[in-house]
1. Got a sec to turn the phi values of segment 67-73 into Karplus ³J(HN,Hα) couplings, 6.51 cos²θ - 1.76 cosθ + 1.60 with θ = phi - 60°, whole Hz, x for Gly and Pro?
2. For segment 75-210, what percent of Cα pairs sit more than 21 Å apart?
3. Return the FRET efficiency for the residue pair Phe188, Glu164: r is the Cβ-Cβ distance, R0 is 45 Å, and the value is rounded to the nearest 0.05.
4. Give me, ordered by chain and number, the residues 5 or more places off Thr34 or on other chains with an amide H under 5 Å from its own placed amide H.
5. Counting only protein heavy atoms and using a 1.4 Å probe, what share of the accessible area of the chain belongs to carbon plus sulfur, as a whole percent?
6. Report, in cubic angstrom per residue, the convex hull volume of the C-alpha atoms of segment 132-207.
7. In degrees, nearest 10, range 0 to 90: what is the angle between the Cα axis of helix 18-28 and the longest Cα principal axis of the chain?
8. Please give the FRET efficiency for Thr37 paired with Ser89, using the beta carbon to beta carbon distance and R0 = 35 Å, rounded to the nearest 0.05.
Amino acid sequence: MLGLLRLGVSESFAHICLSDLMTRLEQQYPKLKTSVTVGDTGMISALLNEHQLDIAVISEPGVASHIHRVPIGRNELAWIASSRLKLPSGILTPADLAQNHIIVSPHTARLHTTMTNWFSMGGTAPSRVSTCNSLSVTLSMIRSGFAIGLVPVRLVADELQRGELVAVPVTVPVESHRVFLCYQIVEFGPDLEAIVGLTKELIAHHQLFR
(Lines give C-alpha, C1' and ligand atoms only; values in the text may rest on other atoms or scores of the structure.)
Protein backbone atom coordinates (compact mmCIF):
# COMPACT_ATOMS: atom_id res chain seq x y z
CA MET A 1 0.00 0.00 0.00
CA LEU A 2 1.27 3.45 -0.92
CA GLY A 3 -0.06 6.89 -0.14
CA LEU A 4 -1.80 8.30 2.93
CA LEU A 5 -4.13 6.57 5.37
CA ARG A 6 -6.41 9.02 7.19
CA LEU A 7 -7.42 7.45 10.48
CA GLY A 8 -9.89 8.77 13.05
CA VAL A 9 -10.13 7.24 16.53
CA SER A 10 -11.71 7.78 19.89
CA GLU A 11 -9.45 8.51 22.85
CA SER A 12 -10.19 5.05 24.28
CA PHE A 13 -8.74 3.47 21.16
CA ALA A 14 -5.87 5.96 21.04
CA HIS A 15 -4.77 5.22 24.61
CA ILE A 16 -4.95 1.43 24.39
CA CYS A 17 -4.46 0.33 20.77
CA LEU A 18 -3.08 3.12 18.58
CA SER A 19 0.65 2.59 19.15
CA ASP A 20 0.31 -1.13 18.35
CA LEU A 21 -1.69 -0.37 15.22
CA MET A 22 0.87 2.15 13.98
CA THR A 23 3.71 -0.29 14.61
CA ARG A 24 1.94 -3.08 12.71
CA LEU A 25 1.10 -0.75 9.83
CA GLU A 26 4.74 0.32 9.57
CA GLN A 27 5.85 -3.31 9.49
CA GLN A 28 3.35 -4.35 6.81
CA TYR A 29 3.29 -1.14 4.74
CA PRO A 30 6.69 0.57 5.20
CA LYS A 31 5.92 3.26 2.62
CA LEU A 32 2.51 4.11 4.04
CA LYS A 33 2.03 7.55 5.57
CA THR A 34 -0.65 8.06 8.20
CA SER A 35 -2.66 11.01 9.45
CA VAL A 36 -4.34 10.36 12.81
CA THR A 37 -7.20 12.43 14.22
CA VAL A 38 -8.25 11.76 17.82
CA GLY A 39 -11.66 13.13 18.67
CA ASP A 40 -15.18 12.58 19.88
CA THR A 41 -18.14 11.11 18.03
CA GLY A 42 -19.35 14.42 16.60
CA MET A 43 -15.96 15.43 15.24
CA ILE A 44 -15.02 12.06 13.76
CA SER A 45 -18.47 11.48 12.25
CA ALA A 46 -18.35 14.87 10.54
CA LEU A 47 -14.90 14.18 9.08
CA LEU A 48 -16.06 10.81 7.76
CA ASN A 49 -19.12 12.38 6.19
CA GLU A 50 -16.95 15.02 4.52
CA HIS A 51 -14.62 12.33 3.07
CA GLN A 52 -11.74 13.63 5.19
CA LEU A 53 -11.09 10.26 6.87
CA ASP A 54 -10.70 6.80 5.35
CA ILE A 55 -11.38 4.70 8.44
CA ALA A 56 -12.41 5.38 12.03
CA VAL A 57 -13.20 3.74 15.37
CA ILE A 58 -15.93 5.63 17.25
CA SER A 59 -18.96 5.18 19.50
CA GLU A 60 -22.49 5.61 18.16
CA PRO A 61 -21.42 7.32 14.90
CA GLY A 62 -23.71 9.67 13.05
CA VAL A 63 -22.56 8.88 9.53
CA ALA A 64 -24.02 9.10 6.02
CA SER A 65 -24.87 6.25 3.66
CA HIS A 66 -21.46 6.33 1.97
CA ILE A 67 -19.89 5.08 5.23
CA HIS A 68 -19.99 1.39 6.15
CA ARG A 69 -20.31 0.58 9.87
CA VAL A 70 -19.00 -2.63 11.44
CA PRO A 71 -20.06 -3.21 15.08
CA ILE A 72 -17.04 -4.18 17.21
CA GLY A 73 -18.32 -4.17 20.78
CA ARG A 74 -19.52 -1.95 23.59
CA ASN A 75 -17.56 0.58 25.61
CA GLU A 76 -18.38 0.06 29.28
CA LEU A 77 -18.72 3.30 31.25
CA ALA A 78 -18.79 4.15 34.94
CA TRP A 79 -18.75 7.11 37.28
CA ILE A 80 -15.13 7.29 38.43
CA ALA A 81 -13.71 9.19 41.41
CA SER A 82 -10.45 9.48 43.30
CA SER A 83 -10.29 7.12 46.27
CA ARG A 84 -9.32 10.19 48.31
CA LEU A 85 -12.62 11.90 47.58
CA LYS A 86 -15.06 11.74 50.49
CA LEU A 87 -18.31 10.41 49.05
CA PRO A 88 -21.40 9.23 50.94
CA SER A 89 -21.35 5.53 51.73
CA GLY A 90 -23.66 3.12 49.96
CA ILE A 91 -25.18 3.21 46.51
CA LEU A 92 -25.76 6.74 45.22
CA THR A 93 -28.82 8.00 43.37
CA PRO A 94 -28.52 10.51 40.51
CA ALA A 95 -29.72 13.16 42.99
CA ASP A 96 -26.86 12.23 45.34
CA LEU A 97 -24.28 12.43 42.57
CA ALA A 98 -25.76 15.69 41.24
CA GLN A 99 -24.47 17.49 44.34
CA ASN A 100 -20.87 16.83 43.28
CA HIS A 101 -18.67 18.58 40.72
CA ILE A 102 -18.95 16.62 37.45
CA ILE A 103 -16.42 16.68 34.62
CA VAL A 104 -17.28 15.30 31.19
CA SER A 105 -16.50 15.59 27.48
CA PRO A 106 -18.00 18.52 25.49
CA HIS A 107 -21.51 18.57 23.99
CA THR A 108 -20.35 17.04 20.69
CA ALA A 109 -19.25 13.86 22.50
CA ARG A 110 -21.51 10.88 23.06
CA LEU A 111 -20.32 10.83 26.70
CA HIS A 112 -21.91 14.21 27.30
CA THR A 113 -25.28 13.01 25.98
CA THR A 114 -25.04 9.87 28.10
CA MET A 115 -24.29 11.95 31.20
CA THR A 116 -27.26 14.26 30.55
CA ASN A 117 -29.61 11.34 29.90
CA TRP A 118 -28.45 9.52 33.01
CA PHE A 119 -29.30 12.41 35.29
CA SER A 120 -32.60 12.99 33.45
CA MET A 121 -33.60 9.37 34.09
CA GLY A 122 -33.13 10.11 37.78
CA GLY A 123 -35.26 13.23 37.54
CA THR A 124 -32.43 15.62 38.30
CA ALA A 125 -29.55 17.60 36.82
CA PRO A 126 -26.02 18.16 38.15
CA SER A 127 -25.46 21.48 39.86
CA ARG A 128 -21.91 21.95 38.57
CA VAL A 129 -20.58 20.55 35.30
CA SER A 130 -17.19 21.25 33.75
CA THR A 131 -16.22 20.03 30.29
CA CYS A 132 -12.86 19.03 28.84
CA ASN A 133 -12.12 17.91 25.29
CA SER A 134 -9.18 15.75 26.37
CA LEU A 135 -9.97 12.46 28.07
CA SER A 136 -6.41 12.14 29.39
CA VAL A 137 -6.68 15.57 31.05
CA THR A 138 -10.13 14.67 32.36
CA LEU A 139 -8.67 11.56 33.96
CA SER A 140 -5.88 13.62 35.50
CA MET A 141 -8.43 15.92 37.11
CA ILE A 142 -10.44 12.95 38.37
CA ARG A 143 -7.28 11.47 39.91
CA SER A 144 -6.60 14.76 41.72
CA GLY A 145 -10.06 14.74 43.29
CA PHE A 146 -11.12 17.86 41.37
CA ALA A 147 -14.32 16.23 40.10
CA ILE A 148 -16.14 12.97 39.38
CA GLY A 149 -16.22 11.85 35.76
CA LEU A 150 -18.07 9.49 33.46
CA VAL A 151 -15.33 7.60 31.62
CA PRO A 152 -14.62 4.26 29.90
CA VAL A 153 -13.80 1.63 32.52
CA ARG A 154 -11.08 0.01 30.40
CA LEU A 155 -8.96 3.17 30.60
CA VAL A 156 -8.79 3.05 34.40
CA ALA A 157 -8.87 -0.71 35.02
CA ASP A 158 -5.38 -0.84 36.55
CA GLU A 159 -6.03 2.12 38.84
CA LEU A 160 -9.32 0.63 39.97
CA GLN A 161 -7.56 -2.62 40.78
CA ARG A 162 -4.88 -0.78 42.78
CA GLY A 163 -7.54 1.20 44.65
CA GLU A 164 -6.31 4.59 43.45
CA LEU A 165 -9.66 5.23 41.76
CA VAL A 166 -13.12 3.90 42.58
CA ALA A 167 -16.14 3.15 40.46
CA VAL A 168 -18.98 4.96 42.22
CA PRO A 169 -21.88 2.54 42.89
CA VAL A 170 -25.12 4.02 41.57
CA THR A 171 -28.78 3.05 41.56
CA VAL A 172 -29.30 3.78 37.85
CA PRO A 173 -27.12 1.71 35.47
CA VAL A 174 -24.93 3.68 33.07
CA GLU A 175 -25.59 2.98 29.40
CA SER A 176 -22.63 1.47 27.56
CA HIS A 177 -21.77 2.75 24.09
CA ARG A 178 -21.90 0.68 20.93
CA VAL A 179 -18.61 1.03 19.09
CA PHE A 180 -18.22 0.80 15.32
CA LEU A 181 -15.36 0.55 12.87
CA CYS A 182 -16.34 2.82 9.99
CA TYR A 183 -14.85 3.26 6.54
CA GLN A 184 -15.53 4.84 3.17
CA ILE A 185 -17.37 2.28 1.01
CA VAL A 186 -15.93 3.64 -2.23
CA GLU A 187 -12.37 3.14 -0.98
CA PHE A 188 -12.83 -0.42 0.26
CA GLY A 189 -10.43 -2.89 -1.37
CA PRO A 190 -7.86 -5.52 -0.35
CA ASP A 191 -5.56 -3.05 1.44
CA LEU A 192 -8.29 -1.32 3.43
CA GLU A 193 -9.86 -4.71 4.17
CA ALA A 194 -6.54 -5.84 5.65
CA ILE A 195 -6.34 -2.71 7.82
CA VAL A 196 -9.92 -3.24 9.00
CA GLY A 197 -9.02 -6.82 9.96
CA LEU A 198 -5.86 -5.71 11.76
CA THR A 199 -7.75 -3.05 13.71
CA LYS A 200 -10.37 -5.57 14.83
CA GLU A 201 -7.63 -8.01 15.81
CA LEU A 202 -5.88 -5.45 18.04
CA ILE A 203 -9.15 -4.39 19.68
CA ALA A 204 -9.83 -8.03 20.56
CA HIS A 205 -6.25 -8.58 21.76
CA HIS A 206 -6.36 -5.60 24.13
CA GLN A 207 -9.95 -6.41 25.23
CA LEU A 208 -10.79 -2.77 24.65
CA PHE A 209 -14.53 -3.28 24.23
CA ARG A 210 -16.94 -5.89 25.54
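The values are calculated or read from the model by the stated rules, or taken from the named source; none is laboratory data. Bear in mind the structure is a predicted one, so any value in this text is a computation, not a measurement. Here the Cβ is made from the backbone with ideal geometry for all residues, glycine too, and neighbour counts use every protein chain on show. Calculation scope for accessible area: heavy atoms of the full protein, side chains included, ligands and nucleic acids excluded. Shrake-Rupley method; radii C 1.70, N 1.55, O 1.52, S 1.80 Å.
1. Rounded to whole hertz, the list is 10, 8, 10, 10, x, 10, x.
2. Here the tail beyond 21 Å accounts for 47 percent of pairs.
3. The formula returns an efficiency of 0.55 here.
4. Leu5
5. Carbon plus sulfur share of accessible area: 52 percent.
6. 135 Å³
7. Helix 18-28 sits at roughly 10 degrees to that axis.
8. In this case the efficiency is close to 0.25.
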